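A short write-up of the structure that comes next.
Coordinate-derived values only; no laboratory data. All figures in this text were calculated on a predicted structure; none of them were measured in a lab. A quick note on method: Cβ atoms are made from the backbone with ideal geometry, for glycine too, and the neighbour counts reach across all protein chains shown.
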């Protein structure tokens, strides 16, 4: 009888090691999966290493130039008194067409001058008037300059006194 009590069974020792090894393997797999998720950007926290790798650098700006126009003063007559509109703009053009647009700038000023003089004072009171007028003026400038030369019309001053 003394031999039976002196040698404990070996099966319980193996059962204690199996959960420990299984837990260690799962912890390593979880840590590896978490690292991958954070570093690849799947998760937004954790130092942002994945964010830095995914940031796209902006494209280079197009080769553009700006042609400044002389200010235009327009007299507007309304129901009360005479008011003045001071208008100044710049034309955004491709750099290759800058010289061409500068050559026809007097024609552009003439077209804009004629358009602005045809406006009524009521046309300028609408809150969306500047957006609408800008689109109309850009279209006229593009017709005068030729298609593709003028990209945009930038309004620098639009003051009604």
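Here the simple spin-label model places points 7 Å from the Cα toward Cβ, and for residue 18 and residue 147 these points are separated by 8.0 nm. In terms of other Cβ atoms within 10 Å, 97, 35, 115 run from fewest to most in the order 35, 115, 97. Going by neighbour counts of Cβ atoms within 10 Å, the residues 94, 56, 70, 110 line up, fewest first, as 56, 70, 110, 94.
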